[in-house]
Amino acid sequence: SLLQETMSKYQVEYSKSSRALCQTCQTKIDKSSIRVGKMVHFANIGEMGRMGLVWNHYTCFWGPQYKSGNGWSDCVNNWANFEGIDQLNIEDQKMIHHQIKGLPMDDDAIEEAEKKTEAAEANAVFTDSDPETIIYTMINKHLDVMKVPDIKEVIKTNAIECGKKPKKADMIKVILDQSVSKISSLAYNSLNKHATANSLKKILKAKGQSCAGTKKDLIVRVLQTCGGVDAPQDMSIAAPPAPALSSKEMGPDEDLLGEEWARLQPYVSVGSKEAVKKLLEMKSAPRHLKIDDNFYIQCEDFKD
């Protein structure tokens with residue numbers, strides 16, 4: 001045989017192009033389709049031959065033609081002999097697991113695979129994408145877990161035009177069509193919820209920006225790269241001083257403790273004259289309004 005299998009390991013991946021030829025059926029393997037590769041020895045090339053990776057369609061690999069022509073053995077029934085499966089999406093992992101082991105993946109294995117896939121996707125987003133793409137990805141992720149009434153409130157608070165009785169998917173699309181500067185508060189909350197400090201540092205480092213400071217500082221700096229923050233102190237969630245009264249002394253209905261504001265969505269923070277002007281320009285009142293400590297303003301400030 002011109003091709004001699006050299007190792008029991010197989011490589012599974014999505015085809016990166018449509019150039020590879022299936023070793024079994026001799027036709028092209030479509031881009032993004034699952035292919036199974038095997039390291040082989042080309043025995044007729046030179047005295048020593050050479051090593052190379054050859055590919056098969058997923059269906060061809062498990063078909064009778066490959067089995068009969070390549071000395072198929074028990075190694076294909078061993079999950080450990082297949083590399084790259086954890087890089088596939090969950091449904092494809094489940095399909096291959098059933099093919100190799102003859103049994104469905106159990107719930108624990110599915111949960112572990114989902115965690116790895118989610119982590120890999122998140123890392124790819126922060127590594128390969130520009131800041132604006134990352135911001136909108138995090139906003140989309142944030143909106144996906146929000147309830148419809150809260151999404152409607154986001155639309156009202158940011159004075160976004162939307163049709164009558166829109167579905168959740170339609171509302172999310174309308175919000176994602178807005179500029180980062182128009183939905184800065186939502187963008188901040190989305191990054192604060194779904195991005196880690198290390199991920200934010202990756203973005204800033206790629207843009208040649210400083211990576212120093214708290215997570216709040218990093219978020220504001222990322223938003224500034226896309227023109228998303230005109231007055232950072234107004235758009236971010238400030239770290240409040242300790243309340244004068246304990247939560248027990250205040251009672252459940254008197255006020256919100258400072259740390260509870262981060263879980264109240266959506267709300268508008270007011271801490272400067274400019275922030276008040278923005279609030280007055282809104283077409284509708286926000287559901288929640290947070291007044292910063294030690295902030296006051298007089299009517300004379302609005303004579304202009």
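The values are calculated or read from the model by the stated rules, or taken from the named source; none is laboratory data. Nothing here was measured: the structure is a model prediction, and the numbers come from that model. Neighbour counts are summed over all protein chains in view; Cβ atoms, including those assigned to glycine, are modelled from backbone coordinates with ideal geometry. Quick note on the areas: whole protein, heavy atoms, side chains included, nothing else; ligands and nucleic acids left out. Shrake-Rupley method; radii C 1.70, N 1.55, O 1.52, S 1.80 Å.
Which of the residues spanning the stretch 196-217 are of a type outside the set (Gly, Ala, Ser), touching a residue at least 60 places away in the same chain (Cβ under 8 Å) and outside any loop (DSSP other than H, G, I, E, B)?
Narrowing the stretch 196-217 to residues of a type outside the set (Gly, Ala, Ser): 196, 198, 200-205, 207, 209, 211, 214-217.
Going one step further and asking which of them are touching a residue at least 60 places away in the same chain (Cβ under 8 Å), we end up with 202-203, 207.
Answer for the stretch 196-217, where residues must be of a type outside the set (Gly, Ala, Ser), touching a residue at least 60 places away in the same chain (Cβ under 8 Å) and outside any loop (DSSP other than H, G, I, E, B): 202, 203.
I'm checking my understanding of the structure. Among residues of the stretch 181-195 that are assigned to a helix (DSSP H, G or I) and polar (S, T, N, Q), which one is most open to solvent (accessible area, probe 1.4 Å)? My answer is 192. Of all residues in the stretch 138-166, those satisfying the criterion of being more than 24 Å from the chain's Cα centre (by Cα) and surrounded by fewer than 16 Cβ atoms within 10 Å (Cβ to Cβ) are 159, 161, 162, 163, 164, 165. Of the residues 108, 74, the single one that is at pLDDT below 85, of a type outside the set (Gly, Ala, Ser) and out of contact with any helix residue (DSSP H, G or I) (no Cβ under 7 Å at 6 or more places or on another chain) is 74.
Condition first: in contact with a strand residue (DSSP E or B) (Cβ under 8 Å, 6 or more places away or on another chain) and either open to solvent by 70 Å² or more (accessible area, probe 1.4 Å) or part of a loop (DSSP other than H, G, I, E, B) (or both). Now tell me which residues in the stretch 15-30 satisfy that.
Residues satisfying the conditions are 15, 18, 19, 20, 21, 23, 24, 25, 27, 28, 29.
Taken over the stretch 1-14, the criterion of being crowded, with 17+ Cβ neighbours inside 10 Å and at pLDDT 80 or above is satisfied by 10, 12. Pairs linking a residue in the stretch 80-98 that is more than 17 Å from residue 9 (Cβ to Cβ) and basic (Lys, Arg) to a residue that is outside any helix (DSSP H, G or I) and open to solvent by less than 80 Å² (accessible area, probe 1.4 Å), with Cβ atoms under 6 Å and 6 or more positions apart or on different chains, are 94/105.
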